[in-house]
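What follows is one structure encoded as structure tokens, with my remarks underneath.
Laboratory data are not the source of any read-out in this text; all were calculated from the coordinates shown. Every value quoted in this text rests on a predicted model; they were computed, and no experiment measured them. Every residue, glycine among them, receives a Cβ derived from its backbone with ideal geometry; neighbour counts consider all protein chains shown.
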């Protein structure tokens with residue numbers, strides 16, 4: 001049974017696996033997108049999320065913990081600078097794993113691991129306020145188009161009502177005639 005076993009071995013020794021994870025996480029943080037097998041992608045996504053959380057924390061201990069995994073001072077600077085600011089408002093879920101294809105050589109399922117782009121970040125970076133749609137904006141927009149539509153609907157409804165009255169009048173006269181004939 002696999003109780004409390006959280007990682008995949010991926011057919012590698014522990015040293016090889018750790019080195020591979022370090023390289024993939026560093027590449028992901030540097031380029032913000034990496035294509036790899038689906039199993040590796042899931043593990044790398046988990047590890048990258050931990051590194052971004054350390055980046056958001058930003059203290060000396062977090063930097064030292066991140067340096068154990070992240071390769072390169074430039075990547076570390078990006079992690080504790082740009083990425084920490086980008087994901088400051090998020091509490092988790094910084095990465096996305098998308099299945100893409102099957103690799104031709106061995107039919108391994110491939111995936112792309114990428115960092116998410118927050119929607120409100122560009123407006124905040126420029127110092128502008130993000131425009132929020134007004135409440136009922138859809139209703140107002142629909143209301144502008146509505147008078148023409150309402151007029152058309154009103155005309156159609158009026159035609160139906162008058163047509164209905166005519167048929168009712170015809171039916172009523174027939175009944176009266178038939179009832180008059182019976183008497």
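Using Stokes-Einstein with the Kirkwood hydrodynamic radius over Cα pairs, what translational diffusion coefficient do you get for region 14-126 at 25 °C and a viscosity of 0.890 mPa s, in µm²/s rounded to a whole number?
169 µm²/s
At what distance in nm do the modelled label points of residue 74 and residue 98 sit from each other, each positioned 7 Å from its Cα along Cα→Cβ?
Here the answer is 2.5 nm between the modelled labels.
Please rank 104, 52, 112, fewest neighbouring Cβ atoms within 10 Å first, as an exposure proxy. Walk me through the numbers before you get to the answer.
On the way: 104 7, 52 22, 112 16.
Fewest to most other Cβ atoms nearby, the residues stand as 104, 112, 52.
What residues of region 69-112 lie in the reach of a label at residue 35, counting those whose backbone N is under 11 Å from a point 7 Å from the Cα along Cα→Cβ?
100-104, 110-112
Can you put 33, 56 in order, fewest other beta carbons within 10 Å first?
33, 56
For region 1-67, place one equal point scatterer on every Cα, skip the solvent, and apply the Debye formula. What is log10 of I(q)/I(0) at q = 0.19, 0.21, 0.28 Å⁻¹?
-0.82, -0.95, -1.28
Which whole-number percentage describes the relative contact order of region 1-101, with Cα contacts under 8 Å and a sequence gap of 6 or more?
30 percent
Arrange the peptides 91-103, 62-74 so that the one whose residues have, on average, the most other Cβ atoms within 10 Å appears first.
62-74, 91-103
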